[in-house]
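Everything below concerns the one structure shown next.
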Amino acid sequence: MWGRRSMAWCAGLLVVLLAGCASGPAAVPHDPLEPLNRGVYRFNEAVDSAVLKPVATVYRDITPDPVRTGVHTFFGNLKDLWSSINALAQLRPQEAVENFMRFNVNTVFGFGGVLDLASEMGIPRTELDFGQTLGRWGVPAGPYVVLPLLGPSSGRDLLGTTIETQGDLIQSLDSKGQRNVLQSLRAVETRANLLRATNLLGDVSLDPYSFTRDVYLQRRQSQIQDLIDQGIGLREPDAPADTQNNN
């Protein structure tokens, strides 16, 4: 199974090679690659319908809530370390210290991050990624891009994702088997948390592609504008969004 690093590099190469032929005179300004993006979107939907959604649904339905919460917390703990690095890059020492403390407390005392003791101690989580860091320092968003399997992104966020995958702690594991298991589990857990949202998507929009694109771009712009104007971070829920009763 491909890792996030391989997919990000291949997606970036694909965008560079096809950018010229994918755009046209009628292209939407923020989505000049729309023909290519729609093709990748359809591919992602096919893979999701055939594999990811069924697997995520079974995972959600058969996995006890405490286990799912532990899995969610474990991967959230890995994000805390990157959030700390991004906070430093944004010259936000308080959030850098808080996220670094969260990572250390949960890793050392929370059985490798399975337990979120940091939240019980009142240490807040501020989720920050490298795409936001680039935006914070004025790097333009660039064109909207749909990545194979990874979904909505932009030129700036693609660069941020590529950089972050180089420092992914899971990628640093010596065992290829362990890396594949954890990457697969992360993908399934992420998809399981999105089951409710994707079930509603078809009901609220005649064109799910355009709806997804506009929501993604507006959300990212709002997040980065908050960083620039107010220094507000992004608070992430500390528990799975879905329960076993959701369809």
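The values are calculated or read from the model by the stated rules, or taken from the named source; none is laboratory data. In this text the structure is predicted, and so the values were computed from the model without any measurement. Cβ coordinates were reconstructed from backbone atoms using ideal geometry, including for glycine residues, and neighbour counts include every protein chain displayed.
General observations
- Of the residues screened, Leu149 is one that is part of a loop (DSSP other than H, G, I, E, B) and out of contact with any Leu (no Cβ under 7 Å at 6 or more places or on another chain).
- Look at (1) under 27 Å from Leu81 (Cβ atoms); (2) part of a helix (DSSP H, G or I); (3) modelled with pLDDT under 90; (4) more than 16 Å from the chain's Cα centre (by Cα) and you find that Ile224 fails only one, number (4).
- Test: residue in region 153-173 that is more than 18 Å from the chain's Cα centre (by Cα) and either in contact (Cβ under 8 Å) with a residue 60 or more places away in the chain or under 20 Å from Lys79 (Cα atoms) (or both): yes
- Each residue in region 80-108 was checked for being modelled with pLDDT under 95 and of a type in the set (Lys, Arg), and 1 pass.
- Which numbered condition Asp168 fails, given (1) outside any loop (DSSP other than H, G, I, E, B); (2) closer than 30 Å to Ile62 by Cα; (3) not aliphatic (A, V, I, L, M): (1)
- Which numbered condition Thr63 misses (of (1) under 28 Å from Gly135 (Cβ atoms); (2) at pLDDT 95 or above; (3) of a type outside the set (A, V, I, L, M)): (1)
- Filtered by the rule that a residue be among the aromatic types (Phe, Trp, Tyr) and in a helix (DSSP H, G or I), region 81-137 gives Trp82, Phe100, Phe103, Phe109, Phe130.
- As a summary of the residue check, Thr57 satisfies the conditions (1) surrounded by 19 or more Cβ atoms within 10 Å (Cβ to Cβ); (2) modelled with pLDDT of 95 or more; (3) touching a helix residue (DSSP H, G or I) at 6+ places or on another chain (Cβ under 8 Å); (4) not aliphatic (A, V, I, L, M) except for the one numbered (1).
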